[in-house]
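Structure, as C-alpha cells:
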Amino acid sequence: MTVHLSEGRAPVATLPAPVVRPRSAPSAPRARRLALEVARFAVVGGSGVAVNILVFNLALHGLRWAPMTATVVASCVAMGSNYLGFRYFAYRDRASRTRRQIALFFAFSGLGVAMESVLFYAGYHGLGMDGPLGSNVAKALSIVLASAFRFVVYRTWVFQHAKNGR
C-alpha cells in the first residue's frame, strides 16, 4: 500500500518570518539633533555676547554712559544681531518667519534683557563689581544666566518646528 501525503491535504497558510532590524537607541538621533542645536545656539549666542560686551564697554568706558543705560543699550543691539543669527543660522530649519515669531522673539528677548539688567545691577551695585574688570564680569555673568532662559523659550515657543515637520 502506498500513501501519498501530498494528495488530499489542504495547503497550510504560513506567515512570513518577521524582519528583525537592529535598532539604535531611540534617543540617539534626538540627542544628536539637540547637541547640534545647542552648538548653533552657542555660535550665535557667542557672537551676540561679543557684540554685547563690545557695545557695553564702548558705552560705559568710552562714552561714559550710566552703567544701566550701557547694559540695556548693549543688550538691545545684541538682541537685533542675535535675531538674524538665530533666524538664518541656528533655527533656519524651523517654520518660516511670521509676525508671531518676530513678536515672540522680541517679547522673550525683552524679558531676557530685563533679567540680564537685574542680574547686572545686582553684581555692579550690590556686589561692588563697578571697576572696569568687575563690570565686565558682572555683565558676562548676567548674560550667561539670562541665556539659559533664552535657549529654552526660543526653541520651545519662538523657533518651533513646522506642524508637519519633525
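Given 0.36 nm per residue, what is the gain on full extension from Leu54 to Ser81 after removing their alpha carbon distance, in nm?
So the extension gain works out to 8.4 nm.
Which three numbers, in whole Å and largest first, are the semi-axes of the equivalent ellipsoid of segment 24-136 derived from its Cα gyration tensor as √(5λ)?
32, 17, 12
With a 1.4 Å probe and every protein chain left in place, tell me how much accessible area Thr69 has, in Å² to the nearest 10.
It works out to around 70 Å².
Measure off, as a whole percent, the carbon and sulfur share of the 1.4 Å-probe accessible area of segment 34-166, all protein chains present.
Details: 5010 of 7070 Å².
Of the solvent-accessible surface of segment 34-166, carbon and sulfur hold 71 percent.
Quick one: 3J(HN,Hα) in Hz for segment 75-91, Karplus 6.51/-1.76/1.60 with θ = phi - 60°, rounded, Gly and Pro as x.
Computed from phi, the couplings for segment 75-91 are 5, 5, 5, 5, 4, x, 5, 5, 4, 4, x, 5, 5, 9, 10, 5, 10 Hz.
Given a Förster distance of 25 angstrom, what is the FRET efficiency for Ile102 paired with Thr69, based on the Cβ-Cβ distance and rounded to 0.05?
The value I calculate is 0.45.
Arrange the peptides 130-140, 40-50 so that the one whose residues have, on average, the most other Cβ atoms within 10 Å appears first.
40-50, 130-140
Taking R0 as 30 Å, what's the FRET efficiency between Ala148 and His61 from their Cβ-Cβ distance, rounded to 0.05?
About 0.65, to the nearest 0.05.
The values are calculated or read from the model by the stated rules, or taken from the named source; none is laboratory data. Quantities reported herein were computed from a predicted structural model and do not represent experimental measurements. Cβ sites come from the backbone with ideal geometry, for glycine too, and all protein chains shown count toward neighbours. These area figures cover heavy atoms from the full protein model, side chains too; ligands, DNA and RNA do not enter into them. Shrake-Rupley method; radii C 1.70, N 1.55, O 1.52, S 1.80 Å.
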